[in-house]
């Protein structure tokens, strides 16, 4: 099959091509494997990211790439980005608060807690507080800011790094000048939800550029009583031409959130009393984040060059009220078991965790990171073989300040300083990748190198004199991929690549400055898949994968334990299948206006291997046990129907299989709620849209968890329920 490629000479072309393809779901499979159309090529040019997807042929990026295009992203009518990610095969999202404030993303059976196993980007730049030394996502951009998403698995991950064990999720924000000039949406509904969103974007012909302004205010109740959020978000993007073949893009964004939310989950007794209760009414969580990037692009005869500078500051203050551990006796009375703020409430029958009126802990965090990255891409042909060569290098620095105060009242915000820690990380990463394209074949070979240096200072250590230490580590990460398209309607692809993820600073340097022998995560990962179109109406993709970890790192708290440190889980094995399909009813019965969109993950194997013993009971061997929070299956099925041109109805069913809450694979729930089987659940969401084209106005009705099912999503720190039913109504104006 002849390769088809489209090169952008300027951002103006990007504004056009980025919104082509109409409604493309999940895998972006509208015409990937046949039935090519005029719009069968999409090219995304983002700071530090280049994803070329050839819908009529092979995806020649060295790995599997899933694109949720802007039209499909908007059609989901998501209250959180979790609802969008669930439509991508292989992605497992564990809900937490119902509005996507803290998103937990896992891939192919990897633990989803705080998305630490996934490299999450926004327009090509990491969004984690400290991407190398502290990847936990305590901040996440609101879904209203985003325009699309790209999910990368396989060897293509080496273009980004440092984390290549799970996958890459890149959120795409709107491009200046693309889409409608004005976009305003107001939404309100159950749970005291109120949201006002506005966007203005336009081209500026005089400068050969464009500008985009975007803002959001949102408030509402979360998934439990005595919880809620108020947040504001703003984004400014602008680009301009500098001369022949040169252009510059500037992006600045700001985010502010104040939430009433607690860390503590429920014990079994509390869940049975009221699954949505939250006794910790004085717990608060506040986030401020400011970020920016400057990108310069230069097209020359010897290739295309990108140079990106980026930086971010994040302030995260979480005040948690102290806890009292009480036990309810058979006569109905309560007795105090302990006044302890640890993560372990014990496993007494009838145990309940209640707030302590005489204690609050403020975990105050500050994070800074900045970096510069340069990339080069060139294409040429030698004989009958086409070549695409890409190379890049990145220098990155980050700093953390962790400060903890213990107050003597539930609402106190001053008191004894119990932690004062500084942590630094410096990293140099580089990659080179070459693709060989010959007839129906494409071979991609690449390698990435990472060198990291960590330093830590405990200001309170050594009797107040301070104590610290430093260490360094490095890795070489290879990848190879092959695609083959024997006919227009079929594409086969396979790849082998190394997985790598560095440990956090605090996990390799302890409070005394001692270096801990905690190895980075390393794995060998393989995938094989086929993409096809059958009878012009059905597009399918099936991918088999195998992730074999030499040393997977699993948080003890995730496994139901009482510790707060990370542990070497040793060898683990993940094997399964990913499946996605799109059925276009209009191609079978013209005028039917019916589409069925589905994605699924089947994970029969996600187990401990080698000699491994439980965190909970060190004498018990758990080799062969299933990994915690790795459901055997996930399934998302969406049905879209347009009975009239201006009306669209959508129903989405999401099903998640059973999961284990601990490494012992305990079946019956324990009194503390932290161990036991997490039962499977299925929820239904629905959307009704009615457009009035002459007024540029649309009416939106959105329903989440329509059957109001009560289900458990997490046990790692006590039982956490899923979001109850929420119905919202909104008006949207586009012009």
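Mind telling me which of the residues 277, 260, 299, 270 ends up being touching a residue at least 60 places away in the same chain (Cβ under 8 Å) and within 30 Å of residue 406 (Cβ to Cβ)? None of the other options fit; the residue is 270.
Can you find a residue in the range 418-433 that is outside any strand (DSSP E or B) and either without any contact (Cβ under 8 Å) to a residue 60 or more places away in the chain or surrounded by fewer than 19 Cβ atoms within 10 Å (Cβ to Cβ) (or both)?
No, the range 418-433 contains no residue that is outside any strand (DSSP E or B) and either without any contact (Cβ under 8 Å) to a residue 60 or more places away in the chain or surrounded by fewer than 19 Cβ atoms within 10 Å (Cβ to Cβ) (or both).
Looking across the range 472-489, just one residue is over 18 Å from residue 64 (Cβ atoms), buried (at least 16 other Cβ atoms within 10 Å of the Cβ) and over 27 Å from the mean Cα position of the chain (by Cα), and that is 489. Is there a residue being assigned to a strand (DSSP E or B), within 23 Å of the chain's Cα centre (by Cα) and surrounded by 16 or more Cβ atoms within 10 Å (Cβ to Cβ) anywhere in the range 665-678? Yes, the conditions are met somewhere in the range 665-678. For the range 598-644, filtering for residues that are without any contact (Cβ under 8 Å) to a residue 40 or more places away in the chain, surrounded by 16 or more Cβ atoms within 10 Å (Cβ to Cβ) and closer than 24 Å to residue 585 by Cα leaves 1.
Please verify whether residue 647 is farther than 23 Å from residue 98 by Cβ, surrounded by fewer than 17 Cβ atoms within 10 Å (Cβ to Cβ) and touching a residue at least 40 places away in the same chain (Cβ under 8 Å), treating the condition exactly as stated.
So residue 647 fits the description; yes.
Based on what the data block shows, is residue 479 more than 15 Å from residue 155 (Cβ to Cβ), touching a residue at least 60 places away in the same chain (Cβ under 8 Å) and in a strand (DSSP E or B)? For residue 479, the condition - more than 15 Å from residue 155 (Cβ to Cβ), touching a residue at least 60 places away in the same chain (Cβ under 8 Å) and in a strand (DSSP E or B) - is not met. Based on what the data block shows, is residue 227 surrounded by 21 or more Cβ atoms within 10 Å (Cβ to Cβ), closer than 25 Å to residue 315 by Cα, in contact with a strand residue (DSSP E or B) (Cβ under 8 Å, 6 or more places away or on another chain) and touching a residue at least 40 places away in the same chain (Cβ under 8 Å)? Yes; evaluated as a whole, the condition is true for this residue.
Among the residues of the range 583-602, are any modelled with pLDDT of 95 or more and closer than 30 Å to residue 503 by Cα? The answer is yes, given that some residue of the range 583-602 is modelled with pLDDT of 95 or more and closer than 30 Å to residue 503 by Cα.
Is the range 694-709 home to any residue that is in a helix (DSSP H, G or I), at pLDDT below 95 and over 20 Å from residue 94 (Cα atoms)? Checked the range 694-709: at least one residue is in a helix (DSSP H, G or I), at pLDDT below 95 and over 20 Å from residue 94 (Cα atoms). Considering (1) at negative phi; (2) at pLDDT 90 or above, the lone condition that residue 339 does not fulfil carries the number (2).
Would you say residue 352 is within 21 Å of residue 261 (Cβ to Cβ), modelled with pLDDT under 95 and either touching a helix residue (DSSP H, G or I) at 6+ places or on another chain (Cβ under 9 Å) or surrounded by fewer than 17 Cβ atoms within 10 Å (Cβ to Cβ) (or both)? The answer is yes for residue 352.
Residues of the range 530-548 that are under 23 Å from residue 165 (Cβ atoms) and either in contact with a helix residue (DSSP H, G or I) (Cβ under 9 Å, 6 or more places away or on another chain) or surrounded by 22 or more Cβ atoms within 10 Å (Cβ to Cβ) (or both): 541, 543, 545, 547.
Candidates in the range 517-529 are the residues that are in contact with a strand residue (DSSP E or B) (Cβ under 7 Å, 6 or more places away or on another chain) and not in a strand (DSSP E or B); of these, the one that is farthest from residue 166 (Cα to Cα) is 518.
Condition check ((1) at negative phi; (2) assigned to a strand (DSSP E or B); (3) touching a helix residue (DSSP H, G or I) at 6+ places or on another chain (Cβ under 6 Å)) across all residues:
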{"residue": "156", "(1), (2), (3)": "yes, no, no"}
{"residue": "169", "(1), (2), (3)": "yes, yes, no"}
{"residue": "179", "(1), (2), (3)": "no, no, no"}
{"residue": "184", "(1), (2), (3)": "yes, yes, no"}
{"residue": "187", "(1), (2), (3)": "yes, yes, no"}
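Filtering 375, 363 for residues that are free of Cβ contacts under 8 Å to residues at least 60 places away in the same chain, buried (at least 16 other Cβ atoms within 10 Å of the Cβ) and either assigned to a strand (DSSP E or B) or under 33 Å from the mean Cα position of the chain (by Cα) (or both) leaves a single hit, 363.
On inspection, residue 102 qualifies as over 16 Å from residue 170 (Cα atoms), out of contact with any strand residue (DSSP E or B) (no Cβ under 8 Å at 6 or more places or on another chain) and assigned to a loop (DSSP other than H, G, I, E, B).
Kindly evaluate residue 511 against the criterion of being within 21 Å of residue 131 (Cβ to Cβ) and touching a strand residue (DSSP E or B) at 6+ places or on another chain (Cβ under 6 Å). When the stated conditions are applied, residue 511 does not pass them.
The residue of the range 81-100 that is surrounded by the most Cβ atoms within 10 Å (Cβ to Cβ), among those that are in contact with a helix residue (DSSP H, G or I) (Cβ under 8 Å, 6 or more places away or on another chain) and without any contact (Cβ under 8 Å) to a residue 60 or more places away in the chain, is 93.
Report whether or not residue 320 is surrounded by 15 or more Cβ atoms within 10 Å (Cβ to Cβ), out of contact with any helix residue (DSSP H, G or I) (no Cβ under 6 Å at 6 or more places or on another chain) and assigned to a strand (DSSP E or B). Against the criterion (surrounded by 15 or more Cβ atoms within 10 Å (Cβ to Cβ), out of contact with any helix residue (DSSP H, G or I) (no Cβ under 6 Å at 6 or more places or on another chain) and assigned to a strand (DSSP E or B)), residue 320 qualifies.
Restricting attention to the range 444-470, the residues that are over 29 Å from the mean Cα position of the chain (by Cα) and touching a residue at least 24 places away in the same chain (Cβ under 8 Å) add up to 9.
Taking only the range 346-360 into account, find how many residues are under 28 Å from residue 288 (Cβ atoms) and not in a strand (DSSP E or B). Number satisfying all stated conditions: 0. For residue 284, the requirement of being more than 30 Å from residue 175 (Cα to Cα), modelled with pLDDT of 95 or more and either under 26 Å from the mean Cα position of the chain (by Cα) or buried (at least 19 other Cβ atoms within 10 Å of the Cβ) (or both) is met.
The values are calculated or read from the model by the stated rules, or taken from the named source; none is laboratory data. The shown structure was predicted, so the numbers you read here are calculated from the model rather than taken from an experiment. For neighbour counting, all protein chains shown are included, and Cβ atoms are generated from backbone atoms with ideal geometry for every residue, glycine included.
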